1. Among B:Y410, B:Y433, which is hydroxyl-bearing (S, T, Y), surrounded by 24 or more Cβ atoms within 10 Å (Cβ to Cβ) and within 16 Å of B:G49 (Cβ to Cβ)?
2. Among A:V129, A:V86, which is the only one that is within 12 Å of chain B (Cβ to nearest Cβ), part of a strand (DSSP E or B) and in contact with a strand residue (DSSP E or B) (Cβ under 8 Å, 6 or more places away or on another chain)?
3. It is to be established whether one or more residues within region B:385-394 are touching a strand residue (DSSP E or B) at 6+ places or on another chain (Cβ under 8 Å), aliphatic (A, V, I, L, M) and in a loop (DSSP other than H, G, I, E, B).
4. If you scan region A:57-110, which residues turn out to be among the hydrophobic types (A, V, I, L, M, F, W, C), touching a Lys or Arg at 6+ places or on another chain (Cβ under 7 Å) and in contact (Cβ under 8 Å) with a residue 40 or more places away in the chain?
5. Take region B:194-216 and flag every residue that is under 16 Å from B:I262 (Cα atoms) and not aliphatic (A, V, I, L, M).
6. Taking region A:1-39 as the search range and keeping residues that are exposed (fewer than 12 other Cβ atoms within 10 Å of the Cβ) and among the basic types (K, R), which one is nearest to the other protein chains (Cβ to nearest Cβ)?
7. Looking only at region B:259-287, filter to residues that are of a type in the set (A, V, I, L, M) and buried (at least 21 other Cβ atoms within 10 Å of the Cβ); which one of those is farthest from B:V89 (Cα to Cα)?
8. Sort through B:M442, B:M361 and tell me the only one that's facing another protein chain (nearest Cβ under 10 Å), assigned to a helix (DSSP H, G or I), more than 16 Å from B:G336 (Cβ to Cβ) and at pLDDT 95 or above.
Amino acid sequence: MVSTVYAVTLVCMGLIVAVFYFVIVNSKKVEADYPSITKKWYGVRSKWFLFLLTLGIAVSFVSTNPFPIPDQKKDYPENDHQVVKVGAYQWYWTIAPNTVDAGKPVAFLVTGEDVNHGFGIYDENLNLVGQTQAMPGYTNKFLHTFDKPGKYKILCLEYCGLAHHAMITELTVK
Amino acid sequence: MSSTAVASGKIEYSNSVEYSDSENRNALIAVKAHLIGGLLVFLLMMLAGLTMRAVQGTWLEIGADLFYQIMTVHGVGVVGAAGIASTGVLWYFLRQYVRLSNSIFWINFIIFLTGVVMILGSIFLGGYGGAWTFLYPLPAKSMGVWSTGAAAVFQLGLLVIGTGFLILYLDMGRGILARYGSLSRALGLTQLFGKEAVDYTHPATVVAGTMVMIVNFLGIAAGAVVLVMGLINLYTPEFQPDALLMKNLIYFFGHVFINATIYASVTAVYELLPRYTGRPWKTNKVFYAAWFAIVFMVMAVYPHHLMMDFPMPQWALIVGQVLSFGSGIPVLVVTGYGALMIVYRSGIQWSTTTKLLFLSMFGWAAGVIPAILDAMITVNRVFHNTLWVPGHFHFYLLLGLLPMIFGFTYHLIGEGRQGDQLKATDNLGFYAYLIGALMTSMVFLASGANGIPRRWATHMTEWVTFAQVGTVAAALVVLGALIFTLRALISLPRAADPR
């Protein structure tokens, strides 16, 4: 996912660079008949707009079906999930239990006990595998199934004051 | 006030408002004050950014409290400088079409400076380091790092600045209504929907100015509401507004305000590229439709900041995702595309002015890409609050917004006149800035793709190299901006109006 998004970004930016470079290279030669230029390129613009519109509709539909955030009104019972209660405090975490099994869905019930925090799960290579906000007054239900066992890090991803960057703990996946 | 005349069913405007010489002189001084003030703040904020990257790169050691104070001033300073400088650009052009008050323009500037002093005091005397987003209830819960008073002065400073802008927008609204009769007419909607014949000379600046006035008025009003609620909470802790409601209001205000700065500054591109290419930037139905859509999209797109707040209604997050994509279309199809057409085979003379204005179109168009992708819920799950986010907004701001403001400043200086030779220092400034800004943004994006969180005073060992490259990049940005700012300080005060 991350590398795909990064690659798409670089390719699209590269295309935009190429278009601007093409126009710069062709900027000195004068074509006095501007209406003929606009007529030609307005035609291209219509097709460009339709392409973007179609792309937007398709990507929006595919990426939101099924909706990627778990239903917050649903309960995630212990017989189907490993339920982990997460409390975020200035500047530490409470995670109970702090050991889960790989291959079985985990339901994290995450809340902020004082201010807003961000519950971010990182694997052993420091890749971010998922996150949710930890808000005062709310419990965010975040589902994740770990593929691999290991020592995962929990980092705070919402600025919460002086020791925000020190708000790190560990989650063991067996 | 200019007259309007009806000819063949088409409304024709004589587009220029007449002012006395003293009014024009005073207005030019005011615009220069906005630009110089904005550029100086930008430069200082870039130094703040450079400092933070050097700390993250372990090349500089400061306490976490100072780091987060610098982070707070960097955020609020850039947003403030963007607000005041872009207002200078928009006001300069808009007053040519609608009668605006010099006094109110100055009043806003003085109120702004008052707010800046309050904010600086709250941060560097009071120790406030709750980030510019003052995310409730953090200002009230610092664990003893800053006082309630410091948090209150910070929020009051923002409130004061917002009030100044609201007064200015009231004057803009008055001027627009006096000239065009209704906001919809100023936006070109009467032409778009066939009630009036299409007038290709209807000023793009009026359309943009009306859009900015509408959205910022509402955005700042929402900001005022959330700031007042935050202030009440500071002194009456029993009053505890809903954290998610506060977040919605803060991001609505913040998103609208910072986005409006680029929509205000793009008037420099609409007004100046035609002068340097000899080709008109005609308004038409597509242009009106795009700006009409922008009015709604800029205000409704903000839930893309709240995608990891799972209790948000599903429809709101889908709206945030879809409109994020939609917001990219006007720049990719109308404004950026229009700039490409107007420059293509135009024989344009490349000066620092024109290079910066054209660069701004690239920065805006390319900056859309990482923003749109991050605004997909499924992508946001692994990019939200990583350095990907500053990656995309530094792209927008450093390569989109600031080149518009710098380009306009060079135009006012008179640098872009036909036949003028490019100065070596300006060239150095341009390329140092271009390379530095590109590198800064791309290093942020690469860092985000590697999961590095934003707003961390201390980086893990694995992340330090990214920060060190980012420090070098930021130093180049500072060099470029320093040259631009020095040029403005030396040449702008005595420059005549190039109109």
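The values are calculated or read from the model by the stated rules, or taken from the named source; none is laboratory data. The model shown is predicted, which means the values in this text are computed figures rather than measured ones. Methodologically, a virtual Cβ is constructed for each residue, glycine included, from the backbone with ideal geometry; neighbour enumeration extends over all protein chains shown.
1. Only one candidate passes the filter, namely B:Y433.
2. Working: A:V86 fails: within 12 Å of chain B (Cβ to nearest Cβ).
A:V129 is the lone residue from the list that is within 12 Å of chain B (Cβ to nearest Cβ), part of a strand (DSSP E or B) and in contact with a strand residue (DSSP E or B) (Cβ under 8 Å, 6 or more places away or on another chain).
3. Checking region B:385-394: at least one residue is touching a strand residue (DSSP E or B) at 6+ places or on another chain (Cβ under 8 Å), aliphatic (A, V, I, L, M) and in a loop (DSSP other than H, G, I, E, B).
4. As a first pass, look at region A:57-110 and keep what is among the hydrophobic types (A, V, I, L, M, F, W, C): A:57-59, A:61-62, A:67, A:69, A:83-84, A:86, A:88, A:91, A:93, A:95-96, A:100, A:102, A:106-110.
Restricting the remaining residues to those that are touching a Lys or Arg at 6+ places or on another chain (Cβ under 7 Å) gives A:96, A:102, A:107, A:109.
Result: A:A102, single match.
5. So the first thing to find is which residues in region B:194-216 are under 16 Å from B:I262 (Cα atoms), and the list is B:204-216.
The answer is B:T205, B:G209, B:T210, B:N216.
6. That would be A:K29.
7. So, considering only residues that are of a type in the set (A, V, I, L, M) and buried (at least 21 other Cβ atoms within 10 Å of the Cβ), the one farthest from B:V89 (Cα to Cα) is B:L273.
8. On the way: B:M361 fails: more than 16 Å from B:G336 (Cβ to Cβ).
Selected residue: B:M442, the only one of B:M442, B:M361 that is facing another protein chain (nearest Cβ under 10 Å), assigned to a helix (DSSP H, G or I), more than 16 Å from B:G336 (Cβ to Cβ) and at pLDDT 95 or above.
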